[in-house]
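Q: Before we start, here is the structure in question, set down as structure tokens.
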Amino acid sequence: MNWINKISFYRNIRNEEPNKELAAELAASENSKGIKEISQYLYDKNKSVASDCLAVLYTIGYTKPELIKDYTEDFIKLLKSKNNRMVWGSIIALSSIAEIEPDKIFNNIDLIIQTMKTGTLITEVWGIKALVNLSLQNKGYKEELLSLLFDYLEKCRPIDFAKRVETILPIIANSEENEIICRIIELKTQELTDAQKKKLKTVINKHNKVSSIKIQTA
């Protein structure tokens, strides 16, 4: 079977459903040969083929990141692509496998951070998730990344603030870190609409139910 024929481009379907279906099939069967076949098209001259194959891989990573960890170096290399879709697709994949290949990914942290600064919003969002996942795996990595994550939180748009808080909260592990994020929340809350404040409150309440480090808000 030629798995490549199942991607959206070759089925002449202009949405992600065939890619999602293929990813689900390969993940469910843990088909390493099929996944390898798809990975071989990441550098295809046809941009649609390459991006569809990347979509298949990062979608597999959502549920079974161990199946795509062998392509970590490819995802890192593709961060330098001039095609935005390849860039943010790669950062999604790296975010998923950060818990499995933290050292290999952290060795390229400068490239990842630079990509976040110059990339699209989706690149930044998934880049933040990648940094959080790295921080959860290694205390030293967290020490290097925490101030940057707080900086992103301070500067993010009010509409995105609750989601960013939710992403970063899992790495808050002591009173000092708690004090910093509480201060950021207090200041940023002044910029939020009532609906945005409600979303933020829901995020904080959910966190406080399961964490020993409680977020206190006014």
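The values are calculated or read from the model by the stated rules, or taken from the named source; none is laboratory data. Predicted, not measured: the structure shown is a model, and the values here were computed from it. Quick reminder, even Gly has a Cβ in these numbers, built from the backbone with ideal geometry, and neighbours come from all protein chains shown.
Q: Hey, Ile13 hits all of (1) modelled with pLDDT under 95; (2) under 21 Å from the mean Cα position of the chain (by Cα) but one; which does it fall short on?
A: (2)
Q: Being buried (at least 16 other Cβ atoms within 10 Å of the Cβ), over 13 Å from the mean Cα position of the chain (by Cα) and modelled with pLDDT of 95 or more narrows it down to one residue among Asn107, Asn19; which is it?
A: Being buried (at least 16 other Cβ atoms within 10 Å of the Cβ), over 13 Å from the mean Cα position of the chain (by Cα) and modelled with pLDDT of 95 or more holds for just one of Asn107, Asn19, which is Asn19.
Q: Need at least 3 residues that are of a type in the set (A, V, I, L, M, F, W, C), farther than 22 Å from Thr123 by Cα and touching a helix residue (DSSP H, G or I) at 6+ places or on another chain (Cβ under 9 Å) per element, so show me which helices (runs of 4 or more DSSP H) inside the range 1-68 make the cut, counting only ones lying wholly within it.
A: Working: elements: 17-29, 32-39, 47-63.
Answer list for the range 1-68: 17-29.
Q: Looking at (1) of a type outside the set (Val, Ile, Thr); (2) crowded, with 16+ Cβ neighbours inside 10 Å; (3) free of Cβ contacts under 8 Å to residues at least 12 places away in the same chain, which is the one condition that is false for Asp44?
A: The single condition Asp44 does not satisfy is (2).
Q: Here's something else I'd like to know. How about the range 134-218: which helices (runs of 4 or more DSSP H) wholly inside it have at least 1 residues that are under 21 Å from Lys117 (Cα atoms) and under 22 Å from the mean Cα position of the chain (by Cα)?
A: Correct list: 139-155, 161-168.
Q: Right, another one. Among the residues of the range 81-100, is any more than 20 Å from Thr123 (Cα to Cα) and surrounded by 15 or more Cβ atoms within 10 Å (Cβ to Cβ)?
A: Yes, the range 81-100 contains a residue that is more than 20 Å from Thr123 (Cα to Cα) and surrounded by 15 or more Cβ atoms within 10 Å (Cβ to Cβ).
Q: Okay, next question. Do we have any residue at all in the range 99-110 that's without any contact (Cβ under 8 Å) to a residue 24 or more places away in the chain, closer than 19 Å to Tyr58 by Cβ and either in a helix (DSSP H, G or I) or hydrophobic (A, V, I, L, M, F, W, C) (or both)?
A: Scanning the range 99-110, I find no residue that is without any contact (Cβ under 8 Å) to a residue 24 or more places away in the chain, closer than 19 Å to Tyr58 by Cβ and either in a helix (DSSP H, G or I) or hydrophobic (A, V, I, L, M, F, W, C) (or both), so the answer is no.
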